[in-house]
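Worksheet: the structure to be examined is printed underneath.
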């Protein structure tokens, strides 16, 4: 049976009320019900029941889901759309070219090519890759102290470690300032989030199991919303998985830190879908940044930016329409005081960077933990007694 892995009770729980529609980015840009959670659920049920064939049109409607899960908090019937679409994407991907995605050696090669192309000014502006260093900075980690408040492990991941290592350094600096011993996960350890998003279930499961094996019972700090959401959904036996801004929000008040005076800079916070819709921890970023900056929210109820793992590459046209709507919402809260747009997910940061209007040239797109580190002066004040992480890969 096609889509046999989908629970029929989950399908039956949808009452087709349509309250999910305003929160679905693909429905918003098409107005087509087959591009909505409600419509996709009906298609899955019909295919599963043998009422319609799994033709190209149905495949397109199902594969076009960004998997932002904006429908989850919007649904009054608590329909588990995530449990419906995940096995569907897995089954569709089993016969697609996407199953070759995300091999680490290919990712290393892509990173090297991207770094060279950027230096030769050959990288297309619309490609969602941030400026990549040819030689990545060595992470500075303070030596462990017996007087600290405990140990946490920073999950380095793959995309974050290769493309956003400055975010890792800011994370280490802030956690150390809060009084925690920070240990790094192994370099190159992937959680499988990108694989799972692309429907490559078996490799994703193996990668997640490896994280669980290595860090069972640990407090795992994650600064990529996509990785954090994936690990939380598969956290049984792993220990505590917590987004870095949520962790800082919980423990900042317990710290004797002098927070100093607030900056005059204004930060517009972009709520990553994986923080808002899956982890439910997006407000932690607002709470923490509000201690140091004036914070503005984007008035679109957290609508997706169109990044969606590899969605912006696989469905470039749709992703462009989605991010254009996001940019319009951001533009509505911009003025001369705004200096930063902050997002806690690398895919979102890359998507916003790749499609930023030219009028945003004075704005910096940055991870919120970098702004916290900057406000605390972590990089300037705490460079002594550091032990180097020998890995440069």
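The values are calculated or read from the model by the stated rules, or taken from the named source; none is laboratory data. Worth saying up front: this structure is predicted, and the values here are computed from it rather than measured. Neighbour counts run over all protein chains shown; Cβ positions are idealised from the backbone, glycine included.
Just one of (1) farther than 16 Å from residue 226 by Cα; (2) modelled with pLDDT of 95 or more fails for residue 154. It is (1). Kindly indicate whether any position in region 266-287 is in a loop (DSSP other than H, G, I, E, B), surrounded by fewer than 23 Cβ atoms within 10 Å (Cβ to Cβ) and more than 20 Å from the chain's Cα centre (by Cα). No: region 266-287 contains no residue that is in a loop (DSSP other than H, G, I, E, B), surrounded by fewer than 23 Cβ atoms within 10 Å (Cβ to Cβ) and more than 20 Å from the chain's Cα centre (by Cα). For region 173-184, which positions are in contact with a helix residue (DSSP H, G or I) (Cβ under 7 Å, 6 or more places away or on another chain) and surrounded by fewer than 23 Cβ atoms within 10 Å (Cβ to Cβ)? Matches in region 173-184: 177, 178, 182. Of everything in region 190-219 that is at pLDDT 90 or above and part of a loop (DSSP other than H, G, I, E, B), the residue that is surrounded by the most Cβ atoms within 10 Å (Cβ to Cβ) is 191.
Restricting 298, 313, 341 to residues that are in contact with a helix residue (DSSP H, G or I) (Cβ under 9 Å, 6 or more places away or on another chain) and more than 30 Å from residue 258 (Cα to Cα) narrows the list to 313. For region 1-31, a tally of residues being without any contact (Cβ under 8 Å) to a residue 24 or more places away in the chain and part of a loop (DSSP other than H, G, I, E, B) returns 2.
Flag not set for residue 330, criterion: surrounded by 18 or more Cβ atoms within 10 Å (Cβ to Cβ) and either assigned to a strand (DSSP E or B) or in the same structural domain as residue 168 (by TED's automatic domain parsing) (or both). From the list 144, 170, the one residue that fits, being surrounded by fewer than 19 Cβ atoms within 10 Å (Cβ to Cβ) and either at pLDDT 90 or above or more than 17 Å from the chain's Cα centre (by Cα) (or both), is 144.
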